[in-house]
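Participant: Before I ask anything, let me first share the structure, which is written out below as structure tokens.
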Amino acid sequence: MTAASATTAKGPAPSPDRGRGPLLAASGIVKRYGVKHVLDGVDLTVHHGEVVALVGENGCGKTTLLRICAGIAHPDAGRVEVRGRIGYCPQEPGLLELLSADEHLALFGAAFGLSRKAAIASGRRLLEELDFPVGDRSVSKDLSGGTRQKLNLALALLGDPELLLLDEPYQGFDTGSYVNFWDHVTGWRAAGRATVVVTHMLGELSRVDRVVDLTHPSRRASAPAEAGR
Amino acid sequence: MTEVRAFLQRTLIAAEMQGRQLLRRRMALAILVALPVALYLAMLTQSRESAIEFGALGMSWSVACAALFAVLAAREAEPRLVLIGFRPAELILGRFLLLLVGGTAFAALVGVAMTLASSPVSVAALFGSCLLVPPIAVSLGLAVAAVLPHDLEGTLVIIGLVGIQLALSGGAWVNGILPMNGPIQLAYLAGGFPADPVGLMLVHSLVYVVALLAIAAAGWSLRVRVRRGRPAAPAQ
């Protein structure tokens, strides 16, 4: 897959960066697993206040690209440049099973130098916005899938990151929480945050600025309809 | 100074959260305590002196496996923590300190129990054997987890390393190149058997702790590392 075929530009020009440069610039990303080429020269640039959806068939490399952009996975070739703080929400909640929500907040907040009190207060505000049962002292393994995912998302938002990399962050959400999530995306956009979201929910693509389809060109016949602002 | 303080704060909270997780695994903790006690009691029916060696090696199994599973439980979360600002060294050091303190407390209790039940020739050597176990076993568990971060593989390696030492007789030269030789030799001394010089055992143990910690730190840092590119150039 070439860079050009991977990216489908949508809607208006990206939001102005006011001379700050893009928050994320990935170029020529190549990733192979064994003999299988998952990503082959993919480019992705994301600017302030921009919402980009990564779509495509299963196994086309959406999660891999997001992990590479976060710096957690390493490309075989290519370059990723990031400006600002990243908030990364993995598809499988990267939680500690025997810690409660507040303990997660205290631990993750310590990474930013937040005191325990400040981290919990800040995190609880985020959790409340996501309809998480704040104050629940259950450890994360005892939470429902959707509730775990809300904690997963709140941890990505902790520390006020400029760039959000979200891998199907609404997995297990009920309908209300799902709608609420996309309202939040709109809010983040207005606040100047850049958001890259891996999604299979093609009905919501009208709410994003650009859609990047990673489906291999030879299989593009079933690619999703273009959408965008 | 601020940087040192931040390092310590992050290390301590990593240790605290490790401790909270460990204490909540009550069944696992019960088995970890029961294993060396069972080994010791089983051998006690045959030889009060040799039972000390079995108690020490049983503890090394328990403590090394506790370290292994502590790492494995966090393998999904720790790259995220490094991504947002933790240093791998803070996570490894926090875990090492917590397990060292917990392991030492456990070893001291087992040492008291073995002193009462085995009537050792040298109480100092018995406690030396017990207290030498945690630093080596924690380092061993962390190193194995860094190199083989999978439940079954890691557990088998630890069972193999400690099991070989359990099966060997006192004078076997192979003991000398395996990690738990220091505690074993001190256990021999405690039981009134001939043993290597104490200084040599301490040096052997220290070399193993340093080498295993170096492997753990290098391996885990590699696994959780975040590759950061330079910031993208501003738009012209």
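The values are calculated or read from the model by the stated rules, or taken from the named source; none is laboratory data. Keep in mind the model is a prediction, meaning the values are calculated, not measured. Here the Cβ positions follow ideal geometry from the backbone for every residue, glycine too, while neighbour counts run over all protein chains shown. Remember, those area values only see protein heavy atoms, side chains included, never the ligands or the DNA or RNA. Shrake-Rupley method; radii C 1.70, N 1.55, O 1.52, S 1.80 Å.
Participant: Output the residues belonging to the stretch A:49-75 that are in contact with a strand residue (DSSP E or B) (Cβ under 6 Å, 6 or more places away or on another chain), closer than 20 Å to B:LEU83 by Cα and part of a loop (DSSP other than H, G, I, E, B).
Facilitator: A:PRO75
Participant: Check every one of the helices (runs of 4 or more DSSP H) wholly within the stretch B:67-161 and list those with 2 or more residues that are of a type in the set (Gly, Ala, Ser) and more than 14 Å from chain A (Cβ to nearest Cβ).
Facilitator: Output list reads B:88-118, B:123-147.
Participant: Same structure, new question: Just one of the numbered conditions (1) under 13 Å from the mean Cα position of the chain (by Cα); (2) at pLDDT 95 or above is not true of A:VAL139; which one?
Facilitator: Answer for A:VAL139: the failing condition is (1).
Participant: Here's a follow-up. Scan (1) open to solvent by less than 10 Å² (accessible area, probe 1.4 Å); (2) within 22 Å of B:GLY182 (Cβ to Cβ); (3) free of Cβ contacts under 8 Å to residues at least 60 places away in the same chain for the single condition B:ALA77 breaks and write down its number.
Facilitator: (2)
Participant: Spot the failing condition for A:VAL80; the list is (1) part of a strand (DSSP E or B); (2) under 14 Å from the mean Cα position of the chain (by Cα); (3) within 13 Å of chain B (Cβ to nearest Cβ), and only one is missed.
Facilitator: Single failed check for A:VAL80: (2).
Participant: Further question: Here is a check on your reading of the model: is B:VAL198 more than 27 Å from B:VAL224 (Cβ to Cβ) and open to solvent by 40 Å² or more (accessible area, probe 1.4 Å)?
Facilitator: Against the criterion (more than 27 Å from B:VAL224 (Cβ to Cβ) and open to solvent by 40 Å² or more (accessible area, probe 1.4 Å)), B:VAL198 qualifies.
Participant: Looking only at residues in the stretch A:90-109 that are open to solvent by 10 Å² or more (accessible area, probe 1.4 Å) and assigned to a helix (DSSP H, G or I), which one is nearest to B:PHE7 (Cα to Cα)?
Facilitator: Among those that are open to solvent by 10 Å² or more (accessible area, probe 1.4 Å) and assigned to a helix (DSSP H, G or I), it is A:GLU103.
Participant: Hey, another quick one. Could you tell me which residue of the stretch A:93-110 is modelled with the highest pLDDT, considering only residues that are under 29 Å from A:LEU44 (Cβ atoms) and facing chain B (nearest Cβ under 7 Å)?
Facilitator: A:PHE108
Participant: Being more than 13 Å from chain B (Cβ to nearest Cβ) and open to solvent by 40 Å² or more (accessible area, probe 1.4 Å) is the requirement here; does A:PRO169 meet it?
Facilitator: For A:PRO169, the condition - more than 13 Å from chain B (Cβ to nearest Cβ) and open to solvent by 40 Å² or more (accessible area, probe 1.4 Å) - is not met.
Participant: To continue, here is another question. Could you list, in sequence order, the residues of the stretch A:133-151 that are within 22 Å of B:LEU83 (Cβ to Cβ), out of contact with any Gly (no Cβ under 7 Å at 6 or more places or on another chain) and not aliphatic (A, V, I, L, M)?
Facilitator: A:SER140, A:ARG148, A:LYS150
Participant: Now, a different point. Out of the residues in the stretch A:9-59 meeting the condition of being away from chain B (no Cβ under 12 Å) and modelled with pLDDT under 85, tell me which one is surrounded by the fewest Cβ atoms within 10 Å (Cβ to Cβ).
Facilitator: A:PRO12
Participant: Are any of the residues in the stretch A:137-155 farther than 17 Å from A:VAL196 by Cα, facing chain B (nearest Cβ under 8 Å), open to solvent by less than 30 Å² (accessible area, probe 1.4 Å) and not in a helix (DSSP H, G or I)?
Facilitator: Among the residues of the stretch A:137-155, at least one is farther than 17 Å from A:VAL196 by Cα, facing chain B (nearest Cβ under 8 Å), open to solvent by less than 30 Å² (accessible area, probe 1.4 Å) and not in a helix (DSSP H, G or I), which makes the answer yes.
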